[in-house]
Each structure stands twice: as structure tokens, then as C-alpha cells.
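Have a look at the structure below before the remarks.
What follows is calculated from the coordinates using simple rules that are stated; it is not laboratory data. Just so it is clear, the structure is predicted and the values come from calculations on it, not from any experiment. All Cβ positions, even for glycine, are placed from backbone atoms using ideal geometry, and neighbour counts span all protein chains on display.
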Amino acid sequence: MGVHMRSPEQAFDLRAALSEELRAALVEFETAAGDAKGVHRCRVRVKRARALARIGRTCAPGLSSVFNDSARTVMRQLAVARDLEALSESARALAARQSKSLRQRSSP
């Protein structure tokens, strides 16, 4: 018969940790108001939650799997917002360069 020792620290609560990261991601998304940096911060929070889910796979495989599948879908949706913002920024930069180039050509 072996001696079983319990850690004096509270056990890691995967569900609570995932919930905390997701709440933070929602706050970032709600305060982003179309801001690319806010969307980025939201994506970072979801990535952290996915990392927690992967770590928790051994102790809660069902929760981890369901969460990871759902989070992957959310990340795809956020990627669309990120890509649109990047495309918009690229278009503005290109337009500014073209405008500058045209002004330089038409200057005497």
C-alpha cells in the first residue's frame, strides 16, 4: 500500500481556465470595434485557450476535443476579419504610393 500525497495547491481547473481565456477574448472582440489590433488580441486569447485545451487533453479528452474543434472554427472566422483588414491596409498604401508617383510625374 503506497502513500498518496495531495498537493497543498488547488487542482488545475481546465474548464475554468478555458472560460477565463474565452471571456477575455470576448472582451477584446467587443471592444475592438473593427480595430485590427483588437481582433489580433482576441485571436491571441483564443490561441491561449487552445493551448490550454491541448495541455488538458490527457485529463479531459472530451472537453479538450470539443473545445478545440469549436475554437478552430472561431479562429477561421477571426482570420477573415484579419485578412480583410490587411487587404484594406495594403490597398490604402498602394493608393498613396500611386498618388505620390502621379504627383511627381506631373510636377514641372
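Of note:
- Each Lys and Arg adds +1 at its Cβ and each Asp and Glu adds -1 at its Cβ; summed about the Cα centre, the chain shows a dipole of about 580 debye.
- For region 90-97, 3J(HN,Hα) per residue [Karplus equation, 6.51 cos²θ - 1.76 cosθ + 1.60, θ = phi - 60°, Hz, x = Gly/Pro]: 5, 5, 4, 5, 5, 4, 5, 5
- Debye log10 I(q)/I(0) at q = 0.21 Å⁻¹ for the chain, Cα point scatterers: -1.06
- Gain on full stretching of the segment that runs from Leu87 to Val27 - 0.36 nm per residue minus C-alpha separation: 19.1 nm
- Of Ala95, Ala79, Ala36, the one that fluctuates the most in a GNM where the chain has Cα springs shorter than 10 Å: Ala95
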